[in-house]
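Since the structure comes first, as structure tokens, the remarks are kept for the end.
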Amino acid sequence: MMKLKFSMLLKFLTLQVLAVLCASQQQFDFFYFVQQVHIVIQNNAACYPNTGKPASDFSIHGLWPNYNDASYPSNCDPQTQFDASKHRYFETALNLKEQLNLLQVLGNSGIEPNGEVYELGSIKDAIKEGTGYTPWIECNSDESGNSQLYQVYMCVDTSGSNLVECPVFPNGKCSSNIEFPSF
């Protein structure tokens, strides 16, 4: 299990560094700022860890540059070396997380991570009301096949400091009623 967690962390960090390099080399139209509910995948189903849980909050999944046509920067120059002193990428993601407190925004509308089922529209409306911007909600399925909240996508301008309306959303769908799992 520890090797799996390390492998997943390594993939995540590699993707984040590649996103930084691509963003620094190419022009793009906006960022997706994605936060996710902590999950573990077992037998091709999502479940929530019973031990070693992180804080009861969403975690940052990524801050990814995108184009308005739903594509994203790719094929970056592999010769370009990552220079942490020139990229405020990680600091930007942490600042956005602080600015966009999803638990508080949802809680203000009575939507809590308590294993209850909520209308998808209510979750989207609560986030839009709390932030002023429309989110994209991604779901996954639990062991019983029930739809549950997995990730929340918000769009950010190219400076990485202001939320904006998303010009395009990723593919995928959720049921009209989804579970907000307990952390």
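The values are calculated or read from the model by the stated rules, or taken from the named source; none is laboratory data. None of the values given here were measured: they were computed from a predicted structure. All Cβ positions, even for glycine, are placed from backbone atoms using ideal geometry, and neighbour counts span all protein chains on display. Ligands, DNA and RNA are stripped out before the accessible areas are found, and what is left, the full protein with its side chains, is counted by its heavy atoms. Shrake-Rupley method; radii C 1.70, N 1.55, O 1.52, S 1.80 Å.
Some values worked out for this structure:
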read-out	value
Residue in segment 23-32 that is modelled with pLDDT of 90 or more, open to solvent by 70 Å² or more (accessible area, probe 1.4 Å) and either among the acidic types (Asp, Glu) or part of a loop (DSSP other than H, G, I, E, B) (or both) present	yes
Residue among Tyr89, Tyr150 that is more than 20 Å from Asp29 (Cα to Cα) and aromatic (Phe, Trp, Tyr)	Tyr150
Those residues of segment 127-144 which are over 27 Å from Leu96 (Cα atoms) and in contact (Cβ under 8 Å) with a residue 60 or more places away in the chain, in sequence order	Ser141, Asp142, Glu143
Failed item in (1) in contact with a Phe, Trp or Tyr (Cβ under 6 Å, 6 or more places away or on another chain); (2) surrounded by fewer than 19 Cβ atoms within 10 Å (Cβ to Cβ); (3) among the polar types (S, T, N, Q), with Asn140 passing the rest	(2)
Near pairs, Cβ below 6 angstrom, 6+ apart or cross-chain, from segment 56-73 (crowded, with 19+ Cβ neighbours inside 10 Å) to any residue that is in a loop (DSSP other than H, G, I, E, B)	Pro65/Phe28; Pro65/Pro73; Asn66/Tyr72; Pro73/Gln26; Pro73/Phe28
Cβ pairs under 6 Å, 6+ apart, first in segment 89-109 and under 18 Å from Ser56 (Cβ atoms), second of a type in the set (A, V, I, L, M) and open to solvent by 20 Å² or more (accessible area, probe 1.4 Å)	Lys97/Ile60
